[in-house]
1. Could you work out the relative contact order of the chain, using alpha carbon pairs under 8 angstrom and six or more residues apart, expressed as a whole percent?
2. Highest first, please rank the peptides 122-130, 19-27 by the mean number of other Cβ atoms sitting within 10 Å of their residues.
3. Express the C-alpha Rg of segment 3-149 as a ratio against the empirical globular expectation 2.2 N^0.38 Å, rounded to two decimals.
4. Could you compute the net charge surrounding Val134? Neighbours are other residues with a C-beta less than 9 Å from the C-beta of Val134; K and R count +1, D and E count -1.
5. Under the rule of -39500 (n - 2.57) per DSSP H run of 4 or more residues, summed and divided by the residues of the chain, what mean residue ellipticity at 222 nm is obtained, to the nearest 500 deg cm²/dmol?
6. Where does the charge balance sit around Glu113 when Lys and Arg score +1, Asp and Glu -1, over other residues with C-beta under 12 Å from its C-beta?
Amino acid sequence: MSVSILFVCLGNICRSPTAEGVFRHLAEEAGADVTCDSAGTSNWHVGGPPDGRAVAEARRRGIDLTGLRARQVTPEDFTRFDLIYGMDRSNIAKLEALRPAGNGTPVALFLSECRGPGPGEVPDPYYEDNFAAVFDMLSEASRGLLARLA
């Protein structure tokens with residue numbers, strides 16, 4: 001069964017493109033039939049590449065984010081994707097406000113897919129400069145999601 005997943009953060013230059021890259025990489029390694037994308041709740045960086053610090057951390061871990069470009073989430077995403085994951089509660093609130101009436105696409109915090117207890121929200125590394133820690137969180141959640149989908 002094929003599944004499509006959208007990862008969402010504020011600007012679509014740090015957390016959500018990293019989640020997309022990590023999840024896509026792990027899914028390909030596992031031979032999983034998934035499609036994924038990422039988007040931001042804001043339009044601040046539309047068309048721009050991921051933050052250079054996110055690109056560097058991903059590259060250090062063997063994942064290439066350079067082909068990704070920021071975009072803003074749209075109401076149509078709720079029909080294009082089977083699952084939508086926000087990185088923090090603010091993202092979830094903005095997604096719920098954008099949700100078309102009657103749409104039932106599941107929307108959840110991405111770290112809810114972690115196997116053990118952990119933080120509920122992915123901190124924004126743009127401000128905290130904690131790209132390695134965020135990468136680790138997103139990797140754990142990606143592994144948990146893949147295990148659940150298997």
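What follows is calculated from the coordinates using simple rules that are stated; it is not laboratory data. This structure is a prediction, so every number in the text was calculated from the model and none was measured. As a convention, Cβ positions derive from the backbone with ideal geometry for all residues, glycine included, and neighbour counts pool all protein chains shown.
1. Working: 293 pairs, mean separation 40.9, N = 150.
Computed value for the chain: 27 percent relative contact order.
2. Working: 122-130: 15.9, 19-27: 23.1.
Per-residue mean Cβ counts within 10 Å order the peptides as 19-27, 122-130.
3. Details: Rg = 13.8 Å, N = 147, 2.2 N^0.38 = 14.7 Å.
Working it through for segment 3-149, the quotient is 0.94.
4. Numbers: positive: Arg15; negative: Glu57, Asp124, Glu128, Asp136.
Around Val134, the charge tally is -3.
5. On the way: 6 runs with 62 residues, N = 150.
When only DSSP H runs of four or more count, the value is -12500 deg cm²/dmol.
6. On the way: positive: Arg115, Arg143, Arg148; negative: Glu140.
Combined, the nearby Lys, Arg, Asp and Glu give +2.
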